[in-house]
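Notes follow once the structure below has been shown.
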Amino acid sequence: MVTHASLEDPRNADILIWVNGTLTPRDRATVSVYDSGFLLGDGVWEGLRLHQGRWAFLDDHLDRLFEGARAIDLEIGMDRTALADALDRTRAANGMADDAHARLMVTRGLKLRPFQHPSLSVSGPTVVIIAEHSVPSIPKPIRLATVPHLRGLPMTQDPKLNSHSKLNCILACIAAEKAGADEALMLDIHGFVNTTNACNLFVVRKGEVWTSTGDYCMNGITRRKVIDLCRADGIPVFERNFSLVDAYGADEAFLTGTFGAQTPVGQIDGRVIGTAAGPVTLRIRDLYADLVRRDTAC
């Protein structure tokens with residue numbers, strides 16, 4: 001996927017992966033075909049970036065992980081301190097100091113039989129941490145195409161939940177690629193601009209920064225940091241409903257996510273938005289980079 005493209009790093013062939021407390025070489029790191037995550041997508045996860053030897057915004061990511069686990073009635077089996085230690089042990093075992101990305105995954109664990117009911121999960125949770133050497137190499141600016149796939153209602157599958165069940169977003173991604181775009185632009189149930197299949201979207205119009213209401217999009221940590229940074233720095237920012245027509249007329253647009261931070265958007269449905277990151281996007285990028293430096297400073 002374009003928004004998660006990174007430079008090839010031969011060291012990733014020999015990484016050690018945390019699997020339920022054991023650091024295992026990549027070619028031997030496995031989970032059972034009876035695992036709840038494999039069978040049903042039953043679990044929650046976080047993606048984290050390593051800066052200056054520390055995982056950026058670790059507390060925010062752990063907050064979201066534990067909130068998601070509570071929402072799906074999943075007992076992680078490790079407290080915050082233990083998870084932070086597992087992340088640090090994985091980082092150290094792989095000799096990582098900067099430019100690394102971790103995927104921390106928790107599933108409901110091994111199932112007795114391949115069916116839905118949670119009571120069939122008999123072994124407790126499965127916890128996996130994949131940390132890779134990862135320097136983003138995202139083509140900029142990227143192209144978006146609006147797709148028919150929607151982020152749904154909270155009573156179906158709450159889009160705020162960072163769950164393993166991503167089929168809806170995968171189908172959106174496939175539709176965008178078949179339309180010749182890099183990523184899918186997904187609307188909400190009312191037809192307003194919402195999010196992409198993997199990132200949160202912001203547009204800039206006449207110096208104002210707009211993003212969706214947040215009711216139907218992923219509860220993005222980078223999204224929230226950008227909103228807070230704009231407010232603190234005097235940049236007008238609004239969480240509001242806006243249409244595709246509003247997006248087509250934007251002066252700038254960018255995506256936010258843990259991996260790519262702020263990624264400029266150049267086209268939406270073939271309409272040219274910009275040829276490079278605009279002045280507001282660059283200002284926000286600088287503010288965010290400074291925030292990351294402060295958060296990860298020793």
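The values are calculated or read from the model by the stated rules, or taken from the named source; none is laboratory data. Quantities reported herein were computed from a predicted structural model and do not represent experimental measurements. So basically every Cβ, Gly included, is an ideal-geometry build from the backbone, and we count neighbours across all protein chains shown.
Quick notes on this one:
- Checking each residue in the range 120-130 for being modelled with pLDDT under 95 and either outside any loop (DSSP other than H, G, I, E, B) or loosely packed, with under 14 Cβ neighbours inside 10 Å (or both) picks out Leu120, Ser121, Val122, Gly124.
- Verdict on Leu153 being surrounded by fewer than 20 Cβ atoms within 10 Å (Cβ to Cβ), among the aliphatic types (A, V, I, L, M) and within 15 Å of the chain's Cα centre (by Cα): no
- Residue satisfying all of: in the range 265-276; surrounded by fewer than 22 Cβ atoms within 10 Å (Cβ to Cβ) and in contact with a Ser or Thr (Cβ under 8 Å, 6 or more places away or on another chain); farthest from His51 (Cα to Cα) among these: Asp269
- Reported count of residues in the range 189-238, each being among the acidic types (Asp, Glu) and either at pLDDT below 95 or closer than 18 Å to Gly47 by Cα (or both), is 1.
- Helices (runs of 4 or more DSSP H) wholly inside the range 149-235 that include at least 3 residues being outside the structural domain of Arg70 (by TED's automatic domain parsing) and under 27 Å from Asp59 (Cβ atoms): 221-233
- The residue that is surrounded by the fewest Cβ atoms within 10 Å (Cβ to Cβ), counting only those in the range 234-261 that are aliphatic (A, V, I, L, M) and under 21 Å from the mean Cα position of the chain (by Cα), is Ala261.
- Residues in the range 89-103 that are surrounded by fewer than 20 Cβ atoms within 10 Å (Cβ to Cβ), of a type outside the set (A, V, I, L, M) and in contact with a Gly (Cβ under 8 Å, 6 or more places away or on another chain): 2 in all.
- The single condition from (1) in contact with a Ser or Thr (Cβ under 8 Å, 6 or more places away or on another chain); (2) surrounded by 14 or more Cβ atoms within 10 Å (Cβ to Cβ) that Gln52 fails is (2).
- Filter result for Val106 (surrounded by fewer than 16 Cβ atoms within 10 Å (Cβ to Cβ), closer than 30 Å to Ala289 by Cβ, in contact (Cβ under 8 Å) with a residue 40 or more places away in the chain and not small (Gly, Ala, Ser)): no
- A count restricted to the range 83-119 and to residues that are closer than 21 Å to Gln52 by Cα and either modelled with pLDDT of 95 or more or in contact with a His (Cβ under 8 Å, 6 or more places away or on another chain) (or both) stands at 21.
- Check on Leu65, touching a residue at least 12 places away in the same chain (Cβ under 8 Å), crowded, with 19+ Cβ neighbours inside 10 Å and within 13 Å of Ser36 (Cα to Cα): no
- Strands (runs of 3 or more DSSP E) wholly inside the range 1-119 that include at least 1 residues being over 25 Å from Asn219 (Cβ atoms) and either out of contact with any strand residue (DSSP E or B) (no Cβ under 6 Å at 6 or more places or on another chain) or of a type in the set (Gly, Ala, Ser) (or both): 22-25
- Arg151 satisfies every condition listed in (1) touching a Leu at 6+ places or on another chain (Cβ under 9 Å); (2) at pLDDT 95 or above; (3) not hydrophobic (A, V, I, L, M, F, W, C) except (2).
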